[in-house]
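In what follows, a single structure is set out as structure tokens and then discussed.
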Amino acid sequence: MNHTIHFTVNGEPFTLSVASHHTLLQVLREQLVLTGVKNGCEAGECGACTVLMNGEPVNSCLVLAPEADGATIVTVEGLAHDSQLDPLQEAFVAAGATQCGFCTPGILINSRALLDRNPDPTDAEIRAALVGNLCRCTGYIRIIDAVKAAAHAQREVQP
Amino acid sequence: MQPFDYIVPHNFAEASALLMAGNDDTRPLLGGTDLLIRVRGGFIRPERIIDLKQLPGMCDIVRSAEGWLVIGAACTMNQVAGHPLVRQEYELLAQACESVASYQLRNRATVGGNCCNASPAADSAPALYCLEAVMEAYGPSGVRRIPIHEFFTGPRCNALRPGEFLTGIHLPPVPSRSAGAFNKLGRTKIGDISIVSVAVWAEAGSRKLEAGGQSKHPERVDGATRTAADGQSKDAERLTWRIAIGAAGPTPLRAPEAEAALAEDASPEGVARAAQLAAEAARPIDDIRASAAYRRGMVAVLARRGVNSVLARLGAAPSVVGGQP
Amino acid sequence: MSQPAGKRTVIGASPPRIEGREKVTGAATYVDDMQFGPSLLHGALKRSPIAHGRIVRIDASRARALPGVRVVVTGEDFPGLTGLYLKDRRIFALDRVRSVGEAVAGVAADTPEIAAQALDLIEVEYEELPGVFDPEYGASPEAPIIHPELASYEVVPFVFPQPGTNISNWFKVRKGDMAQGWAEADLVYEHKYRVPHVQHVPLETHVCVAQQNVNGKITLWSSSQSPFAQRNLIAKALHIDHSRLRVITPYVGGGFGSKAGVSMEGAAVALAMHAKGRPVKLRMTREEEFHTTFVRQGLVAILKMGMTKDGRITAMHNRFYWDGGASTEYGVNITRAAGYSGTGPYYVPNIHVDSYCVYTNHPVGGAMRGFGMPEIHFGIEQHIDEMAHRLGLDPVEVRLKNCLKDGDETLTGMPMHPTGLSECIRKAAAAINWGQETVSYSSTKRHGKGLAAMWKAPAMPPNPGSSALVRLNEDGTATVSIGGVDIGQGALTAMAQFAAEGIGIRVEDVRVNTVDTDYSPYEWQTVASRLTWSMGNAVLRAADAARTQVLQAVAEAWDEDISDLDIVDGQVISYRSEESIPLKNICIDGVQRKDGTFVGGPVVAQGRFMPDYVTPLDPETGQGPRAVVHFTTGCQAVEVEVDTETGEVQVLKIVSAYDVGKAINPELVRTQMEGGAVQGLSTALLEGLILDHGVPRNPNFTDYRIATAVDAPLETENIIVEVPQDDGPFGARGVGEHPMVPTAPAIANAIYNAVGVRLDSMPLTSEKVWAALQNNDI
Ligand SMILES: Cc1cc2nc3c(=O)[nH]c(=O)nc-3n(C[C@H](O)[C@H](O)[C@H](O)COP(=O)(O)OP(=O)(O)OC[C@H]3O[C@@H](n4cnc5c(N)ncnc54)[C@H](O)[C@@H]3O)c2cc1C
Ligand code: FES
Ligand code: FES
């Protein structure tokens, strides 16, 4: 069964016909070709598929496509504005917080949400916020550093 | 996932009728964090999935006229853990909700779904057992209330009847002098499924009326376990204790002997004995996450730590802990 | 290449990774991100539910009849054997299945849902056979034989199968006089250690798309560490010309060895060969990834060592039983590597090592970061620690006393090259404040420190080759083509640095291509931590050649001596005439002579590298002049806090010190050290595939936990030691795998230091620590 959904993705409105049993992850990757959203487990465990749904991070592999009707979605592709990278994106490159890069989109999105609700997180708060994002390459240390650096950079710009 | 239909019912009666008609082919959906995993794994093959989140009240947290806190079944873990009333009065539940999985997952996972799924390891359950929650269901014969300890009937089994679904979780009012602690042990430091978990709750025996209009609820279950003492109870002996254990039995379990022992003696030796009694109340099994022996041992450790932290909280600031100042 | 003093160098600088921006914007394309349009077919594999059995009957007729199913293939369609070192594997099982999850048939259908339904409709009847689930038992004469045809399998000359047994390789070292070694020892200690199967867990699971066009040319887009090895193995297995198979590898979401060689890719190509031109995608679910591609082999190690009371190692008798799984096409070489490294990084005069690769009915073992070294060091480094304690000696001093130094003979008789091992041990110990009492803050939270050393050589055939092409573009930038893959380790960036340095341009002006076997030059595989060293040499030679092409033309046009010319930041300069010209003006169109004619032309240069000095070893003694190209050595020191009530271990700090020869990009080196240390921590404390008669019980992240951000150490320190490698580019040698080798024993030693319990089986779970404490009662 197909459903028609209206939703906003990275600032643009879309109307799509989606299958009931497809997930938001599939719709974003396969119908909208937003392939920055990654599939690492399809089971809510790895966080690679994390997107913002109405401002909050969710595992898009566990959201049914029709449930996204009316929602506002932001994916990693929507983080930069007019080729101006988000401070997190800058910091991830500078700190060496990405290696293979497969976990990176989900971690960036989840970190964005963290900084939106807590502009000055502690080390422990960053770690706790990121437990749902597995990274096999970096060992997390540089990711934590990058989030801190981005928080700092962001506060400098908009105190 | 194999194809199924997705239906948003317009009202309670329609939802119930759909579930009634569909039998096992039709499954209710809240956050989907249990349901979709099971569908994807091929363990169940529903033909229809009924999304209950949009029914009135399902996503609301309100205080009832009787002073009970009513949590809509579709409230997410993050929503519950962040709600000011939960944080102030039922902080034990907030601790439990925050221990679940990851921040992202808690934005979808609901407390209602956690209970309906009825895993012995459901992390919100021990807290709800301690708070003596009452589950409200809607079904063909109308509204039904089920005490939490009767709601869980076995691993992945709950007390709902065909056509019934959970609508809300009702928490009785708590006295101002109360505190709770939820401790869980996982393999990773945060966010793992519990190897075991223990919730500990203590409240002063009295049920003093507060400015917020709390009162004894007529449907109060298990009121008998409360001591009759009135007035300011400064003495720890007059505390009522509740201990609930997760992931160490077919359902979450209360540890009544441990609770009674603590009411008698909350000295360090008394706490150690109660912790031991809690471990004896557990009915753990061996599985790939841990052995029964380890689980039993850890129930004692977590129970002791929980009791000590409750004592510390109550001792530290008796008048503000767990209630309105 | 002589350089004037003070010239800016990008070697040893740390430019950020060149593809970083693509990765943080979501623009980086991985195989699953590529678009193939609506004709794409979805592949799926029917897998064996049993560990060992004969296939009595396969009936795929109902699957074939299902609308939307386009291809169904079974083992009868592709009966050939394949494998990297030992050809003992088929794309689809034929007659016999040897592990749960082995592919018995493949389907390609219009949607994944139809493909899944088709699998259900394929009926397979099995006759179960007794299984082998333990390598020691598997190596014994009682065990049922899993590969009765072993004698007939094709094998490389340095692997020694034992037909009639389950032993597919037996590597031996016999050196010195064991009786004398034991006689000299004041303490002889024997103990058994166990390491379970673990999985690599790249965040991107195995995925590939294969397509055959009307002319029979096949393209395979593959998330691979080995595009060339895949081309070679698949072409041979399916009897296709190499020129008709093209492998394209875009960005890869992690590999750690699992994407080396071939696992499921052959099945995709097999399906595509029947798909009438339609592309077929095969993508592993996380569950499939956990047990059907490759796993790290399990190990049972029985170690016996002798030590004098002043801490000198007199003898080692080490037996390694590798749980190789249903096929050991790759595992046989891990066994060999473990054999020729089987003493750990120590000088030992009297040695007896047996390393057995044993067939079992477990998942197929393959390469994983460290290639056998994390597994053998888990025992060796605890054993030495334990013996030091029993003799009342300082474990650091014991290691310093015995560790290999320049010129010491290794177990295979090769003189050790200059190495910074002692320096690594000293520096790691100092950084953790070795010898200083640790403060435990409460009686139930005990702190402890532990340390472990390591060595590892690139494990590979004697002569794997690398090659590179450097082309200069109209704007003076360079395009570098290589056949090695950046799986996250930073190879693209390091190669850009070599090219920039070699040519004389800025790193930002170098573009390094991902691999397409039709256009990229040959590279054996991205394994063995060999790219910086081997491919780096090739790139550097290509860049030097490009530079020479430019300078020769300029020298001729300007009538100068080439030795007076240089390229600095994209400008060709003459130190004699002080003239200069931008590279971009001449690197395509050539240089104008004084008479108005031109010399030179488009700059295209090649470079290659192949070690030509590795010698065979005697099959009976394991002795030979040069077993390997080199060893990277290092040491880790950790501090842990152990909760004595729950057994939980919190790693507070990990210090890593490795001799990398020369750090081309020190920051990238440090990120390897850090990432490897946490992967090591994760395997040490959490990981293990639980196999119940061959059935995986935890093939998901819920029950196969890996370290998360809260499990990572609170602090890391990464120390670079640089004792140059004679044939490394600028002295570099590899460090990709090494950082996870000593982590598990270092943590185990720290746990011992904290609470006095020795854990001889991984993972070091809270429950095991707790259980040991119950018995120990300290
Ligand atoms: C990666 C991961 C980690 C997890 N970690 C934890 C953890 O640490 N602790 C923990 O406790 N749990 C954990 N869970 C399990 C799960 O997230 C929780 O149980 C969650 O609270 C379920 O809520 P839900 O809204 O997603 O339920 P759903 O999946 O929507 O529903 C759960 C079940 O209840 C049924 N159901 C739904 N609504 C109703 C209703 N109104 N009436 C009757 N039946 C209904 C559904 O059909 C389904 O069978 C984890 C899950 C995942 C995927
Ligand atoms: S793909 Fe959604 S959490 Fe892994
Ligand atoms: S960078 Fe590879 S998984 Fe995180």
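Things to note:
- Gap separating the Cα centres of segment B:78-114 and segment C:178-209, nearest whole Å: 44
- List C:TYR752, C:TYR153, C:TYR575, ordered by accessible area with a 1.4 Å probe, largest first: C:TYR575, C:TYR752, C:TYR153
- Given charges at Cβ of Lys, Arg, Asp, Glu: the protein assembly as shown dipole, positive-most of C:ASN776, C:SER422, A:ASN39: C:ASN776
- For the residue pairs C:LYS23/C:LYS281; C:LYS192/C:LYS309; B:LYS189/C:LYS427; C:LYS23/C:LYS427; C:LYS236/C:LYS456; C:LYS304/C:LYS427, alpha carbon separations beyond 25 Å are given by B:LYS189/C:LYS427; C:LYS23/C:LYS427; C:LYS236/C:LYS456; C:LYS304/C:LYS427.
- In terms of its alpha-carbon gyration tensor, segment A:2-78 comes out oblate; a/c meets the 1.5 threshold, while b/c is at least as large as a/b.
- Principal semi-axes of the equivalent ellipsoid, √(5λ) from the alpha carbon gyration tensor of segment C:671-778, are 31, 19, 13 Å from largest down.
- Proximal aspartates and glutamates relative to C:LYS445, as straight alpha-carbon distance under 12 Å, when same-chain residues fewer than 8 apart are discounted: C:GLU641, C:ASP643, C:GLU645, C:GLU648
- Between amide H atoms placed 1.01 Å from N, distances below 5 Å from C:VAL104 occur with C:LYS46, C:ARG47, C:SER48, C:ALA93, all of them 5 or more places distant or on a separate chain.
- Taking chain B and dividing mean pair separation by its residue count, relative contact order in percent (alpha carbons under 8 Å, at least six apart): 17
- For C:LYS445, nonlocal amide neighbours, meaning residues 5 or more places apart or on other chains whose placed amide H falls under 5 Å from its own, are C:THR644.
- Column: log10 I(q)/I(0), Debye, Cα scatterers of segment B:1-121, q = 0.23 Å⁻¹: -1.33
- Ordering A:GLY139, A:ALA149, A:ALA91 by Cα displacement along the dipole of segment A:87-157 toward the positive end leaves A:GLY139 in first place; charges were set at the Cβ atoms of Lys, Arg (+1) and Asp, Glu (-1).
- Segment C:28-58 and segment C:290-339 have their alpha-carbon centroids 33 Å apart.
- Computed [θ] at 222 nm, deg cm²/dmol, the protein assembly as shown (DSSP H ≥ 4; -39,500 (n - 2.57); rounded to nearest 500): -8000 deg cm²/dmol
- Positive-end extreme of charge dipole, chain C - chosen from C:ALA732, C:VAL280, C:ILE11 (charges on Cβ): C:VAL280
- Net +/- balance of residues flanking B:ASP287 in space, Cβ distance below 10 Å, scoring K and R +1, D and E -1: +1
- For the pair segment A:1-42 and segment C:561-633, the centres of their Cα atoms are 50 angstrom apart.
- Neighbour-limited loop hits for trypsin sites (Lys or Arg not before Pro), segment C:284-381 (at most 15 other Cβ within 10 Å; DSSP other than H, G, I, E, B): C:LYS309
- Net charge of Cβ neighbours under 11 Å - reference B:LEU85; Lys, Arg +1; Asp, Glu -1: 0
- Across chain C: Cys residues that no other cysteine approaches within a C-beta distance under 4.7 Å: C:CYS208, C:CYS357, C:CYS403, C:CYS587
- Residues of type aspartates and glutamates that C:LYS259 reaches as a straight line, Cα spacing below 13 Å, ignoring anything fewer than 8 places off in the same chain: C:GLU204, C:GLU289, C:ASP486
- Rounded to 0.05, the FRET efficiency of the A:ARG155 and B:GLU264 pair, given R0 = 60 Å and the Cβ-Cβ distance, is 0.65.
- Difference of contour (0.36 nm per residue) and Cα-Cα distance, C:ASP564 to C:SER761: 64.6 nm
- When every Cα-Cα distance of the protein assembly as shown is counted in 20 angstrom steps from zero, the calculated P(r) takes the values 11, 38, 36, 14, 2, 0 percent.
- For a straight C-alpha distance cut-off of 22 angstrom, the lysines reachable from C:LYS594 (same-chain residues fewer than eight places away being disregarded) are C:LYS584.
- Segment A:11-26 - phi-based ³J(HN,Hα) in whole Hz, Karplus 6.51/-1.76/1.60, Gly and Pro as x: x, 10, x, 9, 10, 9, 9, 10, 7, 4, 8, 8, 9, 4, 4, 5
The values are calculated or read from the model by the stated rules, or taken from the named source; none is laboratory data. Quantities reported herein were computed from a predicted structural model and do not represent experimental measurements. Cβ atoms come from the backbone with ideal geometry, glycine included; neighbour counts cover every protein chain shown. In case anyone asks, the SASA skips ligands and DNA or RNA and just uses the protein heavy atoms, side chains included. Shrake-Rupley method; radii C 1.70, N 1.55, O 1.52, S 1.80 Å.
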